[in-house]
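See structure below.
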Amino acid sequence: MYEIIFNPGSRGHHGASVWNTVKKILDEKDIEYLLYETTHAGHAEELAYELTSDEKEHTFIVIGGDGTLNEVINGLVNPNLITIGLIPAGSGNDFAKSLKIPTSPELALERILNNTQTTPINFGEIHLNNSYKRFIISCGCGFDSDVCCDVQVSPFKPILNKLGMGKLIYTLIALKKLITKSVFSATIKLDDDYVISLDDIFFLIAMNTKYEGGGYKFCPDADPSDDKLDFLTATNISRCRLLKLLPKAKRGTHIGHKGISITPAKKISLHFSKAVNLHTDGEVYGKCDHVTITCAKDHVNFLLD
């Protein structure tokens with residue numbers, strides 16, 4: 001039995017057409033399923049929590065974007081008991097891109113239905129004061145968080161989504177943020193051992209997957225099954241060089257350039273010189289002056305191959 005969590009509002013209500021395609025195939029194949037349709041922000045998390053509170057095994061099909069998947073991951077009571085098949089229906093679809101999940105709903109569903117093995121996938125956790133939140137793609141602060149913050153409130157996002165150009169909004173706002181470049185300082189502790197202090201930081205990202213921000217390949221070697229996060233820092237980079245590095249980041253060829261550093265770690269503690277925006281999987285969490293980021297000991301099983 002598949003339990004389907006479906007976000008009809010994903011990518012400017014593109015999710016509805018994806019669901020219609022999926023429903024037709026499931027009905028034709030006489031496959032049993034239960035449908036749960038989200039109606040508001042945070043609803044996918046609420047549904048996932050309610051459904052997994054029995055602490056039994058469940059197999060979900062998630063139809064939505066990275067934000068919907070993030071909500072589901074955050075709602076799971078015991079992630080180790082859960083299997084997920086994703087049918088991408090968002091504007092960014094960074095998780096799907098990183099894990100090579102087809103964007104075609106027919107192909108994505110075929111892989112889910114024909115899959116006989118699951119792949120354990122890591123997720124990250126942030127600990128901030130008395131709060132806790134999970135992420136499955138990335139957690140970042142600085143430039144990428146500022147972009148996410150503006151994307152969420154941009155009146156152009158729904159328009160571009162309807163035109164099938166949802167990723168463009170990330171690039172447009174990214175260019176704007178490059179021009180109004182804001183930097184900060186931080187003290188960073190990796191795995192409770194290695195401590196560094198950095199100034200003129202443009203952004204910091206803890207990546208579980210290769211892509212974030214609508215297709216930017218910030219950490220080309222990130223492996224969401226290696227029980228580590230790839231921690232990227234961008235420091236002491238002029239606006240001119242940032243403009244040149246941004247298109248390189250789309251291809252993952254920014255690695256090795258001066259000011260760009262990637263370090264694998266299981267735990268990252270950050271203390272900032274000022275409050276900065278923090279995001280998890282592209283959803284702005286809020287401002288903070290310190291945070292601890294860890295790779296969770298638990299896993300979620302995904303239907304991928």
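Looking at the chain only, what percent of DSSP beta bridges run antiparallel? Nearest 5 please.
Bridges in the chain that DSSP calls antiparallel: roughly 75 percent.
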Q: Scan around Ile121 for amide H atoms under 5 Å from its own, H built in the peptide plane at 1.01 Å from N, and keep only partners 5 or more places away or cross-chain.
A: Val300, Asn301, Phe302
Q.
Under a crude label model (7 Å from the Cα following the beta-carbon direction), how far is Ser104 from Asn78 in nanometres?
A. 3.9
Q) Hey, what did the chain get for relative contact order, percent, Cα under 8 Å, at least 6 apart? A) 22
Q.
Could you tell me the ratio Rg/Rh of segment 69-150? Both radii from Cα atoms, Rh via Kirkwood.
A. 1.00
Q: Roll a 1.4 Å probe over the protein heavy atoms and report the accessible area of Phe184 in Å², nearest 10.
A: 10
Q | Two-site label geometry, Lys189 and Leu34: point separation in nm, points 7 Å out along Cα→Cβ | A | 4.4
Q. Where does the chain land at 222 nm, in deg cm²/dmol rounded to the nearest 500, when only DSSP H runs of n ≥ 4 count, each adding -39500 (n - 2.57), divided by all residues?
A. -9000 deg cm²/dmol
Q) Taking N as the number of residues in the chain, what value does Rg over Cα atoms divided by 2.2 N^0.38 Å take? A) 0.98
Q: Would you mind checking the tilt of helix 143-153 against the longest principal axis of the Cα atoms of the chain, expressed as 0 to 90 degrees and rounded to 10?
A: 50
Q) Per residue, how many Å² of accessible area does segment 199-305 show with a 1.4 Å probe? A) 41
Q: Rounded to the nearest 10 degrees, what's the angle between the helix 168-179 long axis and the longest principal axis of the chain, both from Cα atoms, 0 to 90?
A: 10
Q | Nearest-0.05 FRET efficiency for Ser131 and Ile196, computed from C-beta distance (R0 35 Å) | A | 0.85
Q: Report, by chain and number, residues whose modeled amide H sits under 5 Å from the one on Leu229, excluding near sequence neighbours (fewer than 5 apart, same chain).
A: Ala265, Lys266
Q. Expressed as an acute angle from 0 to 90° and rounded to the nearest 10, what is the orientation of the C-alpha long axis of helix 15-28 relative to the principal long axis of the chain?
A. 40
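Over 18 Å between Cα atoms, which of Lys217/Lys244; Lys248/Lys287; Lys189/Lys210; Lys217/Lys248; Lys210/Lys248; Lys133/Lys287 qualify?
Lys248/Lys287; Lys189/Lys210
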**Q.** Reach of Lys100 by Cα under 18 Å, taken over aspartates and glutamates that are not fewer than 8 positions away in the same chain
**A.** Asp66, Glu110, Glu212, Asp221, Asp223, Asp226, Asp281, Asp305
Q: Please work out the C-alpha center-to-center distance from segment 203-261 to segment 1-43 and express it in whole Å.
A: 33
**Q.** Which of Thr294, Thr280, Thr118, Thr59 is most accessible, then next, and so on - probe 1.4 Å
**A.** Thr118, Thr59, Thr294, Thr280
Q) Hey, if we sort His127, His279, His43 by accessible area with the 1.4 Å probe, largest down, what's the order? A) His127, His43, His279
Q | Alpha-carbon gyration tensor eigenvalues x 5, square-rooted, for segment 211-293, Å | A | 21, 18, 13
Q.
Heavy atoms of the protein only, probe of 1.4 Å, neighbouring chains included. What is the accessible area of Glu46 in Å², nearest 10?
A. 80
Q: Could you tell me, in Å, what Rg and Dmax come out for the Cα atoms of segment 30-73?
A: 10.7, 31
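Determine Rg/Rh for segment 1-159; Rg is computed over alpha-carbon atoms and Rh is the Kirkwood hydrodynamic estimate from the same atoms.
Across segment 1-159, the Cα-based Rg/Rh ratio is 0.95.
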Q. Running Debye on segment 1-95 with equal point scatterers at the Cα sites and no solvent, what base-10 log of I(q)/I(0) appears at q = 0.20 Å⁻¹?
A. -0.93
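The values are calculated or read from the model by the stated rules, or taken from the named source; none is laboratory data. Just so it is clear, the model here is predicted, and its values are computed rather than measured. Cβ sites come from the backbone with ideal geometry, for glycine too, and all protein chains shown count toward neighbours. These accessible areas exclude ligands, DNA and RNA; they are computed on the full protein's heavy atoms, side chains included. Shrake-Rupley method; radii C 1.70, N 1.55, O 1.52, S 1.80 Å.
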